[in-house]
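Read through the structure below, which is laid out as structure tokens, and then see the notes.
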Amino acid sequence: MTGWQTLFYKEILRFWKVGFQTVAAPVLTAMLYLMIFGHVLEDHVKVYGSISYTAFLVPGLVMMSVLQNAFANSSSSLIQSKIMGNLVFVLLTPVSPLGWFVAYVGSSIVRGLAVGLGVLVVTLAFVRPGISAPLWVLVFAVCGAGLLGTLGLIAGLWAEKFDQMAAFQNFLIMPMTFLSGVFYSISSLPPFWQTVSHLNPFFYMIDGFRYGFFGVSDVSPWVSISLVAAAWLVVGGLALHLLRIGYKIRN
């Protein structure tokens, strides 16, 4: 294997060795969300005309799981390596900044897709929403996981303690995920809050992913994928720059 392939393989093994915690636990959490919200709101909320609320909820939960776990993978790996001191062994290798980026973000995409697929399979026991455009589902899943994996890489480089990482996730990633339309359609919101929702980049990932299931969405999927791809390019450029200068990992 080349350097980046070895690092990528190591990162895959890192989360897979504790798959009960990194894959099975998020799947269980998503299933509980579906059971609780679906049971309580199924007869009270209708979206996109004839689509049931439980069916509407499934793509949102799948994508939310993809995003949160992609972020957690790269961020937790870096912060643990920095605190435990074993990051120095990676720094001694001739792996390029691009190799670091591909390995950490690539493994984050794999973990995000694995969790998302697990959530989708489990939810089939409750409802089968159908997939109208599989390519859109795959594109948004990969781009969303890549963007959050890159954000996790930046967060891991910046944080020096676990509480800093927890603050990044609890005060930025979690609120933006929950306020992105996972549990509701923004068309049901007042005009002011619809405008605020359109400023949230996570909304476009959720909305575009949901389009792949139902063929309808609040925003054109072409607009959504353009904004998501542009955000990934910007964030990816920042992450590569931080890796090149050794931000907080090289003295």
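The values are calculated or read from the model by the stated rules, or taken from the named source; none is laboratory data. The shown structure was predicted, so the numbers you read here are calculated from the model rather than taken from an experiment. Note that we place each Cβ from the backbone using ideal geometry, even for glycine, and neighbour counts take in every protein chain shown.
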Exercise. Does LEU91 satisfy the condition of being modelled with pLDDT under 90, aliphatic (A, V, I, L, M), farther than 24 Å from PHE168 by Cα and surrounded by 22 or more Cβ atoms within 10 Å (Cβ to Cβ)?
Worked result: no
Seminar exercise, completed: Per the filter on the stretch 69-88, residues of a type outside the set (A, V, I, L, M), in a helix (DSSP H, G or I) and either free of Cβ contacts under 8 Å to residues at least 24 places away in the same chain or surrounded by fewer than 12 Cβ atoms within 10 Å (Cβ to Cβ) (or both) are GLN80, SER81
Seminar exercise, completed: Expected single match for modelled with pLDDT under 90 and under 30 Å from ARG250 (Cβ atoms) among GLY38, GLY85 is GLY85
Exercise. Looking at ARG250, is it among the charged types (D, E, K, R) and surrounded by 21 or more Cβ atoms within 10 Å (Cβ to Cβ)?
Worked result: no
Seminar exercise, completed: Across the stretch 178-196, the tally of residues that are part of a helix (DSSP H, G or I) and surrounded by 23 or more Cβ atoms within 10 Å (Cβ to Cβ) stands at 0
Exercise. Quick check, is LEU117 without any contact (Cβ under 8 Å) to a residue 40 or more places away in the chain, out of contact with any strand residue (DSSP E or B) (no Cβ under 8 Å at 6 or more places or on another chain) and within 30 Å of HIS39 (Cβ to Cβ)?
Worked result: yes
Exercise. Hey, any hits in the stretch 127-139 for a residue that's at pLDDT below 95 and buried (at least 24 other Cβ atoms within 10 Å of the Cβ)?
Worked result: no
Problem set entry | Residues satisfying the stated conditions in the stretch 96-146, i.e. part of a helix (DSSP H, G or I), farther than 19 Å from GLY212 by Cα and either over 18 Å from the mean Cα position of the chain (by Cα) or among the hydrophobic types (A, V, I, L, M, F, W, C) (or both) | PRO97, LEU98, GLY99, TRP100, PHE101, VAL102, ALA103, VAL105, VAL110
